[in-house]
Amino acid sequence: MRLKGTLTEWNDDRGFGFIEPTEGGTRVFCHIKAFDVRVRRPMVGDGVTYEAVKGEDGRMRAEHVRPVGLEDASDQSNIKPQAAGDHVVMGSRKSWKSGLVTAIILAVVGFYAYQHSASYRTGSSHDFTVETSDSGHGSDSIAQAFNQHRSNIQVQGSGVVDRILSDDTQGLRHQRFIVRLASGHRVLIAHNIDLASRVEPLAEGDRVEFYGEYEWNDKGGVVHWTHRDPQGHHQTGWIKHGGSTYQ
């Protein structure tokens, strides 16, 4: 069942936010990966439709999120075909017009997706990301991803803990610390401690290794999903520290 709501909170650096249901009730967590169609980065105030599912942690989250106007048009169970001369029409003239509008919208979405794909291949930046399964290893791949404004790629690296930040407690809790790579590049590690064990004891100057998903931002980027994904949508990441592996 698809629900309607409004994106009332969005952390673009981290790629997640919360949807306030139109019918009222508890707000729902959503990740940028849950968006089926993205013509730009999500923004606070966006109207969306979504499906609410319960994760293994017992919390509700949004999946198959779409901006209002791009809802699934495939459900035509309430439309019956009828003969009209030597043509077959679907339902009323209003339904035909609605289908035409939907087709135009989807064509526009396809055009922008193509434009983004072209700009991505030439290395230029855009205001939304393209998902990729590319993998990279080492600080060079992370620095390259940062320079190319790339997101949603698997990276592996190691470095020294440069600074320990306070936990992010909005939505799912994340342990946060900044790692300085051999190249001098600094990247934020956001480790979900609702799904994985906290890395501890951890101190500035400690050496860590990590494997996770890189998201670009102008401060150097974020590596998250450094743990298992109960729903299997992301590769299993990890953090290694002091002879232990956290995932």
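The values are calculated or read from the model by the stated rules, or taken from the named source; none is laboratory data. Just so it is clear, the structure is predicted and the values come from calculations on it, not from any experiment. Backbone-built Cβ (ideal geometry, glycine too); neighbour counts: all protein chains shown.
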*State the number of residues belonging to the range 187-221 that are at pLDDT 95 or above and of a type in the set (Lys, Arg).*
2
*Hey, can you tell me all the residues within the range 149-185 that are basic (Lys, Arg) and either in contact with a Leu (Cβ under 6 Å, 6 or more places away or on another chain) or modelled with pLDDT of 95 or more (or both)?*
Arg163, Arg176, Arg180
*The lone exception for Ala196 - which of (1) more than 17 Å from the chain's Cα centre (by Cα); (2) in a strand (DSSP E or B) it fails*: (2)
*For residues that are in contact (Cβ under 8 Å) with a residue 40 or more places away in the chain and crowded, with 20+ Cβ neighbours inside 10 Å, tally how many sit in the range 209-227.*
11
*asked:* Quick check on Val222: is it more than 23 Å from Asp12 (Cβ to Cβ), outside the structural domain of Arg41 (by TED's automatic domain parsing) and touching a strand residue (DSSP E or B) at 6+ places or on another chain (Cβ under 7 Å)?
replied: no
*Extreme residue, modelled with the highest pLDDT, among residues of the range 128-148 that are surrounded by fewer than 17 Cβ atoms within 10 Å (Cβ to Cβ) and assigned to a strand (DSSP E or B)*: His137
*asked:* Given the criteria touching a Gly at 6+ places or on another chain (Cβ under 9 Å), among the small types (Gly, Ala, Ser) and outside any strand (DSSP E or B), does Ser183 qualify?
replied: yes
